[in-house]
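Novice: I am attaching a structure below and will ask some questions about it afterwards.
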Amino acid sequence: MAKPIPPVLLTYVDGLKTHDIQKIAGTAADDLKFISATRILDKQQALTMLTALYTGFPDWNYAYERIEDRGQGNYAIKWDQGGTHSGTWAMPGMEPIPPTGKKVRIPEHYFYYRVASDKLTIIFPEPIPGGAPRGILEQIGVKLPPL
């Protein structure tokens, strides 16, 4: 018999789907690490990134088939996500990008999560070509430097 998915992870998923930053914040440990391909964000930086995403893409949406239990407090979700760039996207450290009206769909890929003491302690998106945020920037036509 499979053990149930931790409620904190289900609450986080619901927060993503409803763009509820406060709900998401309540699921994250104070020492959360969001490990991207180029840097590690702390809790506040990760929340700021999501706020900017939802402002720039008010219809950003998420779909997945299941949450996979990888053992020892580790979980994986293969997300399909995207939206329309209809608001100003102001990611920290970048010039704000006015709306382009372009639809974005990033390639489906895994995000890995660690749960400890009923909080998310690590979020680690699988680094893939075309993944966020670079893939979003490419799709809305922002010229990027080579990798």
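Novice: Right, residue 52: under 13 Å from the mean Cα position of the chain (by Cα) and touching a residue at least 60 places away in the same chain (Cβ under 8 Å) or not? Please lay out each step first, then the result.
Specialist: Working: under 13 Å from the mean Cα position of the chain (by Cα): yes; touching a residue at least 60 places away in the same chain (Cβ under 8 Å): no.
Spelling it out, it is not the case that residue 52 is under 13 Å from the mean Cα position of the chain (by Cα) and touching a residue at least 60 places away in the same chain (Cβ under 8 Å).
Novice: Is it the case that some residue within segment 31-53 is exposed (fewer than 15 other Cβ atoms within 10 Å of the Cβ), assigned to a loop (DSSP other than H, G, I, E, B), among the hydroxyl-bearing types (Ser, Thr, Tyr) and out of contact with any Cys (no Cβ under 8 Å at 6 or more places or on another chain)?
Specialist: Yes.
Novice: Grab the strands (runs of 3 or more DSSP E) fully contained in segment 67-119, keeping just those with 3 or more residues being basic (Lys, Arg) and either modelled with pLDDT of 95 or more or loosely packed, with under 14 Cβ neighbours inside 10 Å (or both).
Specialist: On the way: elements: 67-71, 74-84, 103-116.
Once the strands (runs of 3 or more DSSP E) in segment 67-119 are filtered for at least 3 residues that are basic (Lys, Arg) and either modelled with pLDDT of 95 or more or loosely packed, with under 14 Cβ neighbours inside 10 Å (or both), what remains is 103-116.
Novice: Condition first: over 30 Å from residue 3 (Cβ atoms), over 19 Å from the mean Cα position of the chain (by Cα), of a type outside the set (S, T, N, Q) and surrounded by 15 or more Cβ atoms within 10 Å (Cβ to Cβ). Can you find one or more residues in segment 138-147 that meet it?
Specialist: As a first pass, look at segment 138-147 and keep what is over 30 Å from residue 3 (Cβ atoms): 138-147.
Imposing the further condition that a residue be over 19 Å from the mean Cα position of the chain (by Cα) reduces the set to 141-147.
If we keep only those that are of a type outside the set (S, T, N, Q) too, we end up with 141-147.
Next, from what is left, pick out any that are surrounded by 15 or more Cβ atoms within 10 Å (Cβ to Cβ): 142.
Checking segment 138-147: at least one residue is over 30 Å from residue 3 (Cβ atoms), over 19 Å from the mean Cα position of the chain (by Cα), of a type outside the set (S, T, N, Q) and surrounded by 15 or more Cβ atoms within 10 Å (Cβ to Cβ).
Novice: Another one. For residue 24, indicate whether it is in contact with a helix residue (DSSP H, G or I) (Cβ under 8 Å, 6 or more places away or on another chain), outside any loop (DSSP other than H, G, I, E, B) and within 19 Å of residue 139 (Cα to Cα). If you could, list the steps in order and put the result at the bottom.
Specialist: Working: in contact with a helix residue (DSSP H, G or I) (Cβ under 8 Å, 6 or more places away or on another chain): yes; outside any loop (DSSP other than H, G, I, E, B): yes; within 19 Å of residue 139 (Cα to Cα): no.
No; evaluated as a whole, the condition is false for this residue.
The values are calculated or read from the model by the stated rules, or taken from the named source; none is laboratory data. Note that the structure is predicted; figures quoted are calculated from it, not measured. A quick note on method: Cβ atoms are made from the backbone with ideal geometry, for glycine too, and the neighbour counts reach across all protein chains shown.
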